[in-house]
Amino acid sequence: MSDLQAPLRPKRKKGLVDFLVQFRWIFVIFFVLPFSTLYYFLIYLGDVRSEMKSYKQRQKEHDENVLKVVKRLKQRNPKKDGLVCTARKPWIAVGMRNVDYKRARHYEVDLSAFRNILEIDKQRMIARVEPLVNMGQITRVTVPMNLSLAVVAELDDLTVGGLINGYGIEGSSHIYGLFSDTVVAYEIVLADGRVVRATKDNEYSDLFYAIPWSQGTLGFLVAAEIKLIPVKEYMRLTYTPVVGNLQDLAQGYMDSFAPRDGDQDNPEKVPDFVEGMVYSPTEGVFMTGRYASKEEAKKKGNKINNVGWWFKPWFYQHAQTALKKGEFVEYIPTREYYHRHTRCLYWEGKLILPFGDQWWFRFLLGWLMPPKVSLLKATQGESIRNYYHEMHVIQDMLVPLYKVGDALEWVHHEMEIYPIWLCPHRLFKLPVKTMVYPEPGFEQHRRQGDTPYAQMFTDVGVYYAPGPVLRGEVFDGAEAVRNLEQWLIKNHSFQPQYAVSELNEKDFWRMFDADLYEHVRRKYGAVGTFMSVYYKSKKGRKTEKEVQEAEQAHLETAYAEAD
């Protein structure tokens, strides 16, 4: 894309909702932040109590809770009770997609008790956990053991179940893939009440490969066994600034972790962690991390940065200083590094609290951060919710690594959103074709970052108010998302389903592959019990009639089209 000139847009007339959004920080400070702090504290007490229980006690409670789910499912009358969904309230989910499907007729099953770490097996290097265990909880237990999940999503509140059924990524994904790629086994309650353990090489291998991205529409996930890796106490982080046009920034990002000689599996050439932030059309900072021991970090002359303290500058702003002072290195405690974006919610905190990054606020009230996303959603009201859908963008674009420059240019031209987050991940060649899959024949091109067994992709994270909105100009958020989705389809790229989507059903199945998913839905009786993944992700309210008609279409024909 050669023309990066932003289109001219007329000024937008402001209304009452603009005033409410502009001064919402008052409500956030005096209501959301205090209640968020109390909420986090109560959750922490629950986690501590869980950790004090013996393995046998936790396993016993798990088995009892699974039996309750089975009993509840078997009590359902399909003709009277409607489709099955969890009893979790729509506003509790961290994602931004519309969850109005729960307004339709549904049969609730309570999974709220499934939030225990069942076992940390150091011999097998496996963590067996329940689906509501979140990232903050698991790292609090594993990191003191010098262990970690292979992929730890940045925000504390993200849960194992959400990252498996939806989408999860971290700076280690260029080695291990997405969060779901690190799962060894799933414990699933099927529509008929059967409890099965699915692995990649047992009789439920088709179910194992179909669960990621299925949004809980194949059965209830009640436990998962996830790969552990050994870690050290610190992360040695190198901040490298790059200046140039967007294609130059993309190349600098690629060079930070993908050797040009193709030696992608060489640990001497490939860092443990990678992350990039593009701050403008001409400036970016790319970070590479390697685990380091306490002894190394505390050597004379090394700088240790405890980024987890409440009064510290927000991480993305701290990284930006590399643009002025040049490349530098520092050591960050491993667990604090994992959750470096939690306190400021990447850079969304700047919109929620315009002065939240100021030193005086960080020092006085920074310990209250972050506001709990679920409370923000629960208190925003319909008008503010619609405003954010139209005037705000929270999207991830999963694109092949060699197309990152094109993606950056597209975002600049259509949305003008900065900063932009970059995080690479492998998309593996699997024995079956799953909902997301590498480009056919990618291995023959031998592009930078690719290996014979995996194509390197990148998450281009687009989170903020677009430039036109910040300038008070007209901006059609729905149209921008539709254009983004069409760009993704044309470029063999994917959109995580947590985000707001404008896709119709045909285009949804052009983006994702339907074959395995539809096969598994029919084989294990999910059709007529659980809502389809497209319909669950679809924007807008769902009436009982719409649900019935959509599920009847599933029962009558395999309507979903693969591109």
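Quick notes on this structure:
- Single condition Trp91 does not satisfy, out of (1) within 30 Å of Leu345 (Cα to Cα); (2) at pLDDT 90 or above; (3) open to solvent by 50 Å² or more (accessible area, probe 1.4 Å): (2)
- Candidates Leu430, Leu398 - the one that is touching a residue at least 24 places away in the same chain (Cβ under 8 Å), among the aliphatic types (A, V, I, L, M), surrounded by fewer than 18 Cβ atoms within 10 Å (Cβ to Cβ) and closer than 27 Å to Asp206 by Cβ: Leu430
- Of the set (1) at pLDDT below 95; (2) open to solvent by 40 Å² or more (accessible area, probe 1.4 Å); (3) within 15 Å of Glu154 (Cα to Cα), all apply to Arg335 but (1).
- Scanning the stretch 347-359 for residues that are assigned to a loop (DSSP other than H, G, I, E, B) and either in contact with an Asp or Glu (Cβ under 8 Å, 6 or more places away or on another chain) or open to solvent by 50 Å² or more (accessible area, probe 1.4 Å) (or both) yields Pro354, Gln358.
- One residue from Val399, Val411, Val393 being among the aliphatic types (A, V, I, L, M), touching a Ser or Thr at 6+ places or on another chain (Cβ under 6 Å) and closer than 30 Å to Ile352 by Cβ: Val399
- For the condition buried (at least 18 other Cβ atoms within 10 Å of the Cβ) and not assigned by the TED database to the domain that holds Met254, Thr451 does not qualify.
- The single condition among (1) assigned by the TED database to the domain that holds Val285; (2) free of Cβ contacts under 8 Å to residues at least 12 places away in the same chain that Thr238 does not meet is (2).
- Unique residue being among the charged types (D, E, K, R), assigned to a helix (DSSP H, G or I) and buried (at least 20 other Cβ atoms within 10 Å of the Cβ) when the list is Arg362, Arg340, Arg385: Arg362
- Matching residues in the stretch 280-298 - criterion: being assigned to a strand (DSSP E or B) and either surrounded by fewer than 19 Cβ atoms within 10 Å (Cβ to Cβ) or not assigned by the TED database to the domain that holds Val243 (or both): Ser280, Glu283, Arg290
- Some residue of the stretch 415-423 being modelled with pLDDT under 95, open to solvent by 10 Å² or more (accessible area, probe 1.4 Å) and among the hydrophobic types (A, V, I, L, M, F, W, C): no
- With respect to the conditions (1) open to solvent by 30 Å² or more (accessible area, probe 1.4 Å); (2) more than 16 Å from Met235 (Cβ to Cβ), Ala127 falls short on a single one, namely (1).
- The residues of the stretch 299-319 that are in contact (Cβ under 8 Å) with a residue 12 or more places away in the chain and either open to solvent by 70 Å² or more (accessible area, probe 1.4 Å) or in the same structural domain as Pro419 (by the TED database) (or both), listed by number, are Lys303, Trp310, Phe311.
- For the stretch 259-278, the criterion of a residue being touching a Gly at 6+ places or on another chain (Cβ under 9 Å), small (Gly, Ala, Ser), closer than 27 Å to Val307 by Cβ and surrounded by 22 or more Cβ atoms within 10 Å (Cβ to Cβ) is satisfied by at least one position.
- Residue among Leu158, Leu218, Leu178 that alone is open to solvent by 10 Å² or more (accessible area, probe 1.4 Å) and not assigned by the TED database to the domain that holds Lys433: Leu158
The values are calculated or read from the model by the stated rules, or taken from the named source; none is laboratory data. None of the values given here were measured: they were computed from a predicted structure. Using ideal geometry, Cβ is built from the backbone for each residue, glycine included, and neighbour counts are taken over all protein chains shown. Keep in mind that these areas ignore ligands, DNA and RNA; they rest on the heavy atoms of the full protein, side chains included. Shrake-Rupley method; radii C 1.70, N 1.55, O 1.52, S 1.80 Å.
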